[in-house]
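Beneath this line is the structure, given in structure tokens, with notes to follow.
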């Protein structure tokens, strides 16, 4: 039993010694985009208030990588998370990597920056509310449509579930 414990401790120490992890800063940039940007409208662009980031991750299983971390995918993800964003400003690109020998690892391309927003594109985004309360009469005619929050939706759902189960929710 003692030999098994000693072997397990030895193997654990080897895994910790030979496993690797690093983050490598590749590039600092002032302006970067993967979209077509009409710079003649540059005076109308607005600078976002919060930094955004995007990443693309690939896995290494045993010794076989499942691909190559793609910087364009990471950039597209970062740009598309803000409505009307056409580029990123004042950002950084870096790669992260970690690996446990002969088992598993990951490589990730990460880009982060401040969004550059085209107000004309941002206003054209149709932001549809997720939840609505629709009242219908006995003939199937829509009487009203009301936008509600997720909290209101959950409260209404719980009330209807209790009512249909025969539990009185009114005091």
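Of all residues in the range 71-83, those being in a loop (DSSP other than H, G, I, E, B) and surrounded by 13 or more Cβ atoms within 10 Å (Cβ to Cβ) number 2. Summed over the range 136-159, the residues that are modelled with pLDDT of 85 or more and surrounded by 10 or more Cβ atoms within 10 Å (Cβ to Cβ) give a count of 9.
For the range 84-117, the set of residues classified as outside any strand (DSSP E or B) and either farther than 14 Å from residue 45 by Cβ or modelled with pLDDT of 90 or more (or both) consists of 101, 102, 103, listed by residue number. Among the residues of the range 37-51, none qualifies, meaning not one is within 14 Å of residue 110 (Cα to Cα), in contact (Cβ under 8 Å) with a residue 24 or more places away in the chain and either in contact with a helix residue (DSSP H, G or I) (Cβ under 8 Å, 6 or more places away or on another chain) or crowded, with 16+ Cβ neighbours inside 10 Å (or both). Hey, among the residues in the range 26-47 that are more than 18 Å from residue 93 (Cβ to Cβ) and part of a loop (DSSP other than H, G, I, E, B), which one's modelled with the highest pLDDT? So the residue we want is 45.
I'd like the full set of residues that are within 23 Å of residue 85 (Cα to Cα) and part of a strand (DSSP E or B), limited to the range 50-66. Within the range 50-66, 52, 53, 54, 55, 56, 57 meet the criteria. Applying the condition of being surrounded by 11 or more Cβ atoms within 10 Å (Cβ to Cβ), touching a strand residue (DSSP E or B) at 6+ places or on another chain (Cβ under 9 Å) and outside any loop (DSSP other than H, G, I, E, B) to the range 118-135 and asking which residue is modelled with the lowest pLDDT yields 122. Report yes if residue 33 is in contact with a helix residue (DSSP H, G or I) (Cβ under 6 Å, 6 or more places away or on another chain) and surrounded by 12 or more Cβ atoms within 10 Å (Cβ to Cβ), otherwise no. So residue 33 fails the test.
The values are calculated or read from the model by the stated rules, or taken from the named source; none is laboratory data. Everything numeric here is computed off the predicted structure, so don't read it as measured data. When we count neighbours, we look across all protein chains shown, and the Cβ atoms used for this are built from the backbone with ideal geometry, even at glycine.
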